[in-house]
Amino acid sequence: MSEGKIIRVSGPLVVAENMKGSRMYDVVHVGEEKLVGEIIELEKDLASIQVYEETEGIGVGQPVFLTGEPLSVSLGPGLIESIYDGIQRPLDKIKDKTGNFISRGISMPAIDPQKKWDFNPVKKEGDKVVGGDIIGTVQETVLIEHKVMVPLGVEGTIEKINKSKFTVKDVVAVIKTKEGNKEITMEQRWGVRNGRPVKKRLAPVMPLFTGQRVIDTFFPVAKGGTASVPGPFGSGKTVIQHQLAKWAEAEVVVYIGCGERGNEMTDVLNEFPKLLDPKSGEPLMKRTVLLANTSNMPVAAREASIYTGITIAEYFRDMGYSVALMADSTSRWAEALREISGRLEEMPGEEGYPAYLGSKIAEFYERAGRVKCLGSDDREGAISVIGAVSPPGGDLSDPVVQNTLRVVKVFWSLKAELAYARHFPAIDWLTSYSLYPDNVKDYINKEVAEDFLEIEQEAMKLLEEEDELQEMVRLVGIDALSARERRILIAARIIREDFLHQNAFHEVDTYTSIKKQYLMLKAIITFYWASEKNDAEPEKLEELDILEEIARMKFVEEEEIKKIEELQNKIKDAVGKIATVKEEVGA
Amino acid sequence: MRVEYQAVSDISGPLLFVEGVSGVSYGELCTIKLPDGEERTGKVLEVHRDRAMVQVFEGTRGIDIPKSTVIFQGRTIQLDLSPDILGRVFDGMGRIIDEGPAILPEKRRDINGEPINPYAREYPNEFIQTGISTIDGLNPLVRGQKLPFFSGSGLPHNKAAAQIVRQAKVLGSEESFAVVFAAMGITFEEAEFFRNDFEQTGALERVVMFLNLADDPAIERISTPRAALTAAEYLAFDLEMHVLVIITDMTNYCEALREISAARKEVPGRRGYPGYLYTDLSTIYERAGRIKDNKGSITMMPVLSMPEDDKTHPIPDLTGYITEGQIIFSRSLERKGISPPIDVLPSLSRLKDKGIGKDKTREDHADLYNQLYAAYSRGKEAEELSVILGEAALSDMDKKYLEFMNRFESEYVSQGEYENRSVEETLDLGWKLLSVFPKKELKRIRDEYLDKYFAKFGGKEEEEKEEEQTEEKKTKEKRDKQGKEKKAEKDKEKKDKQEQEKDKDKKTRDEKDKKKKRSKKTKKKESESENKPEKK
Ligand SMILES: Nc1ncnc2c1ncn2[C@@H]1O[C@H](COP(=O)(O)OP(=O)(O)OP(=O)(O)O)[C@@H](O)[C@H]1O
Ligand SMILES: [Mg+2]
């Protein structure tokens, strides 16, 4: 292939001439060290290239080599449990090769080409197949059965298919097509900037339970839905993302550390192999793919990491899995866009971000969804996307936040004040919202409890009333409130402290099943209703010992949730008692 | 390859443009020779065909277009490294500025370093005892963490940083440590303060200093933290030492960066700082950490002064997004006479959870700080309320919180510059302060720890307290019926309070005396017995 020549270097942006014949978004190798780059602008024979590695030492006159392939990822068995950088280079293997620091110009296969997998055909010779059909499976980890699919665009009859141990490069089947015989390996390549096609998009109907009370009960996200978590630094975005990666009821998790801290990735790497999935009892790592392009790693690769991640997620979705993707933080990705755009001297929009920021964000979230997959068996898959946003100063008028809110359906708004008071998760219950309750209502009524929504709405009403009453207390003092109003304050406080507040680092509190969430909230609302019914005196309510038991519900282990159920009657009794005492005194 | 050019075409702020060059590469180091023989150092920020843009570290004043020459060095800016750098003083570019001999380099490294592979990192989890309660108790620092001070001009952040250098130690270990000190744009006086402090504690021969003072070239501040961290990486990961890096003041660094960005006519981000400030800062802060199978560590405490004490200013804001927490200094606490004036509510250490607990500090540590935070925060709310409505409008519980808040600030937050509290002392102090509350109120603490510690530090008072409460209750009931005894009660409260204050004064006086004379154990006992009359 022909060779270009560098004429300009400015940080991660390199311009080369003599680049005729190259295409937009093609990958090139820059300089003698062959740094990986991608063409992002073409003008006559000049190409602007964003380079995914540090460009120091690259100078005018050095060569640029074309590869003719767009930026692509390798898809096949071996993805799960991997840790990649933004352009799918395996960080563990890089460490083996170059030591503790990432040096430049390293190229490595993303999927181990030597490892042999047990391939089990599910189709036989003579079967007719189309693109997307599953022809065989590989037990990738104890949790994930990897489905080997016919590459898109291939259609015909199976000539040959073998059951044996294969590497990802070996031919596992041959398909006779109109264009001749096609050899199928377990590894496929896919350009990251194009979403993988689906047969049909469907509306989300199942909740994605996360084990986080404030989320599942009040602001649920659906399988195939999108959510965004904006908040100032230290408000708990990363902890929420980690919690979701740990406990969300997804079959595959793709976690993208996009321009954030190195230690946070280490944390995941240390914890996930030890933590057990509450459903299967297997280590969480067995269903996880990690992408780490930390803040100090090259900024252009950070831009790519989001696409690399979602392409991997789409691949598992196509197998029929429910995938959850977390991106922490999409603001860093947007900043990478901004930096490259600035170097290209494009016309800046709001806050210096390029004018196409909004469409880029929308395109990304559109790749989420519940779908009918390609292939003849009509299987369903889903990708749920949860993106953190880090607006400057926590200011929600930031263009990244605003453009994100335009497309996502769930908004968990993190408040600095709550975080300062160590109320975690610091999700503000008054401004957050979810547009999914209608979608998932039927499921919840059927599978959890019929009065779930009623209880939830009662609780939310109490919280809203509390907010108004607090305002009054601030102006005129607590003494001005009626007994009824003070009971509302008590109930709302219990909801906040004993239900919404959830400590991610407490071994029991960290995860609450939806059943337990329901029972907890039901107990609290039972308390409120009993106090209303008996017209209980607020002072006496506050001194009830039962409150302590309510406060400790969150520490009740999942196996013992009967205890919480039993609490309801105890609560009624206890509240009833103070009412009788009062009557006696009155009489 | 060294090439010399005599073709400076134009100069703009700290930038120099050289024409007719070839073979120049991005990031390359160059030397600018002035007609009078003076030499300056520059770095290539951009090459475009035969034109190179050079950032001159010492500034462009006096450079003359026709007569100056530029020599491209064919390499990036590097630092000479050997164990002999300990005890030495360098300028912001890594050139020796003390009287000592040249360094015979064992290693020579690019000051930009390379990113640590996230897979190679070891999660920081070794508790560092700083002897400062607000840090050890509430925002624990661990080895390999980056924990900045967000301060303001005129606040005692330097004193606190020096106190940490003096007192910091990892419990039960005596490994080799070093301090790397990088100064950017601070005054000579401030730099001397640190130097003297290092000298007095005998740490000087373990300190490497990189000084760029207020009157040194501003653009050199761009390289100062990088040179310092290159030295730190060498000490930590080659020599396996525990390195504490103090960088002060990052605000001056950011201003230098802004100056260059403006000279390049880049599209400015917020407040004129470049859009890549986050990425740039992260290439500094993320150099802290630990590495698997390596004993060394880099713990970083950058100091920055928040312009107008505004935490949302881009410098503290972007720093907070990268570092693992922040320690915030507050002017209002300073005015109250609380020192160090650390505002614990917005302060945070994100790595605390893995550095504390059983076998590290104490089992009850996590629950305890959660409770202290919650209580202090509620105390603050009560204070706000009482400012608007008067203390009388507070509920009894809120009054307790208010009292707690005041004691917390004066006894827990406030401590002497030379007072080195062990983490045990800090934790015990927390329990002691919490003992004003009924047990039921301490919801953030597990029963087992409540059982173990609550009585121990408020012990006998618990029952009495409850009696007191029921008494109060009775009076309240009466009040509700008759609404007359209010005044008497208030008087009583006032009296109680006066008495308490008297006692407090006496106690602090006594304690001061005791500190001089007696051992800790007897002190604890006595102050317990002393508490009794106060409550009656
Ligand atoms: N659910 C939780 N339970 C207990 N502690 C929490 C919880 N969420 C957050 N925290 C505390 O808050 C700290 C900051 O949280 P986190 O790192 O997630 O913030 P962040 O919003 O991601 O900040 P940044 O934008 O700087 O990355 C954590 O280190 C932890 O101490
Ligand atoms: Mg985070």
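Is the C-alpha gyration tensor of the range A:1-149 telling us rounded, prolate or oblate? Criteria: a/c under 1.5 is rounded; beyond that, a/b larger than b/c is prolate, otherwise oblate.
oblate
Please give the length that would be gained between B:Glu175 and B:Thr69 if that part of the chain were fully extended, namely 0.36 nm times their separation in residues minus their C-alpha to C-alpha distance (nm, one decimal). Kindly include the intermediate steps, with their values, before the conclusion.
Details: separation 106, 0.36 × 106 = 38.16 nm, distance 4.93 nm.
Extra length from B:Glu175 to B:Thr69 when fully extended: 33.2 nm.
Can you grab the distance from the C-alpha centre of the range B:271-297 to the C-alpha centre of the range B:6-80, Å, no decimals?
First find each Cα centre; the distance between them is then 27 Å.
Arrange the peptides B:420-429, B:22-31 so that the one whose residues have, on average, the most other Cβ atoms within 10 Å appears first.
Numbers: B:420-429: 19.0, B:22-31: 20.8.
So the peptides B:420-429, B:22-31, ranked by packing, come out B:22-31, B:420-429.
For peptide B:314-322, what's the mean number of Cβ atoms from other chains within 10 Å of each residue's Cβ?
5
Show me B:313-326, B:186-199 ranked by packing, highest mean number of other Cβ atoms within 10 Å first.
B:313-326, B:186-199
In whole Hz, what ³J(HN,Hα) sequence does the range A:565-571 give by Karplus (6.51, -1.76, 1.60; θ = phi - 60°), x for Gly and Pro?
Once rounded to whole Hz, the list reads 4, 5, 4, 3, 5, 4, 5.
Cut-off 17 Å, label point 7 angstrom out along Cα-to-Cβ of B:Glu199: give me the residues of the range B:76-103 whose amide nitrogen falls inside.
Taking a point 7 Å out along Cα→Cβ of B:Glu199, the residues of the range B:76-103 whose backbone N falls under 17 Å are B:87-90, B:97-100.
If I model a spin label at A:Lys165 and A:Asp438 as a point 7 Å from the Cα along the Cα→Cβ vector, what separation in nanometres do I get?
Label at A:Lys165, label at A:Asp438, 5.6 nm between them.
Peptides A:62-74, B:224-236: what's the order by average Cβ count within 10 Å, highest mean first?
Highest mean packing first, the order is B:224-236, A:62-74.
Given a 1.4 Å probe, how much area per residue of the protein assembly as shown is accessible, in Å²?
40
Mind giving me the FRET efficiency for B:Glu448 and A:Val205? R0 is 45 Å, r the Cβ-Cβ distance, nearest 0.05 is fine.
0.55
What does the average come to when, for each residue of peptide A:50-61, you count the partner chain Cβ atoms lying within 10 Å of its Cβ?
5
Residues of A:412-418, mean number of Cβ from any other protein chain within 10 Å of their own Cβ, rounded to a whole number?
1
Considering only protein heavy atoms and a 1.4 Å probe, what is the carbon-and-sulfur percentage of the accessible area of the range A:452-586?
Details: 3050 of 6240 Å².
Roughly 49 percent, rounded to a whole number.
Compute for chains A and B the buried accessible surface, both sides summed, probe 1.4 Å, and express it in Å² to the nearest 100.
On the way: alone 25320 and 26250 Å², together 44790 Å².
Protein heavy atoms only, the A-B interface buries about 6800 Å².
Consider all pairwise Cα distances in the range A:3-70 and report the whole-number % of them above 13 Å.
Roughly 53 percent, rounded to a whole number.
Over the Cα atoms of the range A:482-533, what is the Rg over Rh ratio if Rh follows Kirkwood?
1.07
Would you work out the relative contact order for chain A, in percent, from Cα pairs under 8 angstrom that are 6 or more residues apart?
That works out to 13 percent.
Once each part is reduced to its C-alpha centroid, what is the distance from the range A:101-177 to the range A:375-390 in angstrom?
The range A:101-177 and the range A:375-390 have Cα centres spaced 22 Å from each other.
What are the ³J(HN,Hα) couplings of the range B:46-60, residue after residue, when phi is run through the Karplus curve with 6.51, -1.76, 1.60 and θ = phi - 60°? Round to Hz, x for glycine and proline.
6, 10, 9, 6, 9, 10, 10, 9, 10, 9, 9, 5, 8, x, 9
Between A:Thr185 and B:Ile97, what FRET efficiency comes out of the Förster formula 1/(1 + (r/R0)^6) with R0 = 60 Å and r the beta carbon distance, rounded to 0.05?
0.45
Specify whether the C-alpha gyration tensor of the protein assembly as shown places it in the rounded, prolate or oblate class, a ≥ b ≥ c being the square roots of the eigenvalues: rounded for a/c under 1.5, otherwise prolate if a/b is larger than b/c and oblate if not.
Verdict is oblate for the protein assembly as shown.
Taking 0.36 nm per intervening residue step and subtracting the Cα-Cα distance, what contour gain separates A:Ala483 from A:Glu145 on full extension?
115.8 nm
Would you calculate, for chain A, the mean residue ellipticity at 222 nm contributed by helices, counting each DSSP H stretch of 4 or more residues as -39,500 (n - 2.57) and dividing by all residues, to the nearest 500?
Helices in chain A give a 222 nm mean residue ellipticity of -10000 deg cm²/dmol.
For the range A:118-188, what size does the Cα cloud have along each of its three principal axes, sorted from largest down, in whole Å?
Extents along the principal axes, in whole Å: 38, 19, 19.
Run the accessible area of the range A:144-265 with a 1.4 Å probe and give the carbon-and-sulfur part as a rounded percent.
C and S atoms contribute 49 percent here.
Taking a temperature of 4 °C and a viscosity of 1.567 mPa s, what whole-number D in µm²/s does Stokes-Einstein yield for the range A:453-505 with Rh from Kirkwood over alpha carbon pairs?
For the chosen part, D equals 110 µm²/s.
From the C-alpha gyration tensor of the range A:158-229, pull out the three semi-axes of the equivalent ellipsoid (sqrt of 5λ each), sorted largest to smallest, in whole Å.
Values: eigenvalues 333, 51, 32 Å².
In descending order, the three semi-axes are 41, 16, 13 Å.
Given R₀ = 51 Å, FRET efficiency for A:Thr67-A:Asp378 by Cβ-Cβ distance, to 0.05?
Computed FRET efficiency for A:Thr67 and A:Asp378 comes out at 0.85.
Return the distance in nm (one decimal) between the two label points of a simple spin-label model at A:Asp92 and B:Asn406, each offset 7 Å from Cα along Cα→Cβ.
Spacing of the two 7 Å Cα→Cβ label points: 5.9 nm.
Under 8 Å for C-alpha pairs, at least 6 residues apart: give me the relative contact order for the range A:3-70, rounded to a whole percent. Working shown, then result.
Numbers: 176 pairs, mean separation 28.7, N = 68.
Reported as a whole number, the value is 42 percent.
Quick one: helix A:483-494 against the long Cα principal axis of chain A, what's the angle to the nearest 10°, folded into 0 to 90?
Taking the Cα atoms of chain A, the angle to A:483-494 is about 40 degrees.
Under the classification rounded if a/c is under 1.5, otherwise prolate if a/b is larger than b/c and oblate if not, where does the range A:403-484 fall, given a ≥ b ≥ c as square roots of the Cα gyration tensor eigenvalues?
oblate
With an 8 Å Cα cut-off and a minimum separation of 6 or more residues, compute the relative contact order for the range B:1-74 in percent.
Rounded, it is 44 percent for the range B:1-74.
Considering only DSSP states other than H, G, I, E and B, which chymotrypsin sites (Phe, Trp or Tyr not before Pro) in the range B:385-466 qualify as loop sites with at most 16 other Cβ atoms within 10 Å?
For chymotrypsin sites (Phe, Trp or Tyr not before Pro) across the range B:385-466 that sit outside H, G, I, E and B with at most 16 neighbouring Cβ atoms in 10 Å, the list reads B:Tyr418.
Subtracting the Cα-Cα distance from 0.36 nm times the residue separation, let me have the gained length for A:Glu125 to A:Glu3 in nm, one decimal.
Full extension from A:Glu125 to A:Glu3 adds 39.4 nm.
According to a simple spin-label model (label point 7 Å from Cα along Cα-to-Cβ), what is the distance in nm between B:Glu106 and A:Arg552?
About 5.8 nm, to one decimal.
Tell me, what % of the accessible area of the range A:3-70 is carbon and sulfur with a 1.4 angstrom probe?
Working: 1240 of 2540 Å².
The computed percentage sits at 49.
The values are calculated or read from the model by the stated rules, or taken from the named source; none is laboratory data. Source: prediction; values computed, not measured. No Cβ is skipped: glycine too gets one built from the backbone with ideal geometry, and neighbour counts run over all protein chains shown. For accessibility, only protein heavy atoms count, side chains too; no ligands or nucleic acids. Shrake-Rupley method; radii C 1.70, N 1.55, O 1.52, S 1.80 Å.
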